[in-house]
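> First the structure, then my questions, so here it is.
Just so it is clear, none of the values below were taken in a lab; they were calculated from the coordinates. Keep in mind the model is a prediction, meaning the values are calculated, not measured. Here Cβ is always computed from backbone atoms with ideal geometry, including for glycine, and neighbour counts include all displayed protein chains.
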Amino acid sequence: MSRESYWLVLIVVGTGTVLMRSLPIVLHGKGSMPKLIGRLLRHVPASALAALVVPSVLYSTATGSHVFDPARLGAGVIALVVALRTRNVIATLGAGMGGLWILAMLLG
Amino acid sequence: MKRSFRAGAKEVSPILVGVVPFALVAGAAVTDAGLGVLEAAACSVIVFAGAAQLALTQLWADGAPLLVVIATALVVNARFIMYSASLAPVISPEAGRARPFLGYLLTDQAYTVTVLKGRENGNRPVPYYLGAGLALWFTWQVGTIVGAMLGAVIPASWQLDFAVPLVFLVLLVPALKVRADVEAAIVSGLAAAAFVPVLPLKSGLLVAILCGAAWGAWRAMGEGDDA
């Protein structure tokens, strides 16, 4: 796709994001958020992050389609254990990437 | 004023150590997608939200329709409405005319430190928030530019794209605060595993997030949890 389309995405997403970040601060004291919206938003962080993690841990897309990759799943499980125990980015990155390289070699 | 600004910058700095690898990965993803360092920097300045930057860059590179790319990134960023609403009582009353300009710097990290510590030890929340937000902003910009330059030289056999879910995994752990969060994450993760490879127009991610958020809201309602 063209570079211009990437810039278009940036501008639209950037504008939308700055509005979502700013409006509640700006409108503070002028009414409250509808209850249902608050309830739906509350679980967006957990949902969004899980949806971003799971497919990338299950599938390799190196060939252009989604192919189940046991090395990724194994490395993902190792990384999950480290993330739960340490909550540390560097430790999790190290365990996950190291795990992937070793498992990919072993499973050949 | 100055003292609070400095306190905010100082107290966010332990978190910045964890932000650096995330920024490197977000920058590398842009050059991986066949774009340049300029686009990586623009993405960080204009969007300034790691998860959305990675999601939109990968979807764009996969050739998803622009509407799907935009909608997915906006849904990922919808959490900022909640952060902004919860930060508003802390910073809005004394923000005066600066109110419209504070939102741009809002991140998961600046939100967390300001809500927890922005009013402690005689700190004033607005300069405290600005100190934390700007420290994070500079770290993020420098990190993504360095990542974009490194990303162009790291060989594909290293499978660096796997660093992306690893970073999200670390962010996921503290997002699991109540039982409904855990359930929302499981529903959305399973839905993503099933839908992402098959749904047309690369809409699987968007649909999965909406499934998880709706499930969480429905479960919380059943338990009468209105907190």
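> Place +1 on the Cβ of every Lys and Arg and -1 on the Cβ of every Asp and Glu in the range B:38-170, take the dipole about the Cα centre, and give the residue among B:58, B:154, B:122 whose Cα lies farthest towards its positive end.
Result: B:122, furthest along the dipole toward the positive end.
> Which of the lysines could be linked to residue A:35 by a straight reach, that is with a Cα gap under 22 Å, when you skip same-chain ones fewer than 8 residues away?
The qualifying lysines are B:177.
> Under 18 Å from a point 7 Å along the Cα-to-Cβ line of residue B:66: which residues of the range B:200-216 have their amide N that close?
B:201-203
> Using a simple charge model, +1 on the beta-carbon of Lys and Arg, -1 on the beta-carbon of Asp and Glu, nothing else, what dipole does chain B show about its Cα centre, in debye to the nearest 20?
Using Cβ point charges on Lys, Arg, Asp and Glu, chain B gives about 820 debye.
> May I pose another question? With all distinct Cα pairs included, what does the Kirkwood hydrodynamic radius of chain B come out to in Å, to one decimal, could you say?
18.8 Å
> Ratio to report: Rg/Rh of the protein assembly as shown, with Cα atoms as the point set and Rh obtained by the Kirkwood method; give two decimals.
On the Cα set of the protein assembly as shown, Rg over Rh gives 0.96.
> Once you list every other residue whose beta carbon is under 15 Å from the beta carbon of residue B:150, what net charge do they have if Lys and Arg are +1 and Asp and Glu are -1?
Computed value for this residue: -2.
> What FRET efficiency do you get for residue A:102 and residue A:30 if R0 is 51 Å and r is their Cβ-Cβ distance, rounded to the nearest 0.05?
Efficiency for this residue pair is about 0.35.
> Please compute the average number of Cβ atoms from other chains found within 10 Å of each residue's Cβ in peptide B:137-145.
Going residue by residue through B:137-145 and averaging, the value is 0.
> Please report, in cubic angstrom per residue, the volume enclosed by the convex hull of the alpha-carbon atoms of the range A:1-52.
104 Å³
> Still on this structure, please answer the following. Need the list of lysines near residue A:30 for cross-linking: C-alpha distance under 26 angstrom, and skip anything on the same chain fewer than eight residues off.
B:117
> To continue, here is another question. Just how large is the dipole of the range B:1-78 about the Cα centre, in debye to the nearest 20, putting +1 at every Lys and Arg Cβ and -1 at every Asp and Glu Cβ?
Charge dipole, the range B:1-78, about its Cα centre: 580 debye, nearest 20.
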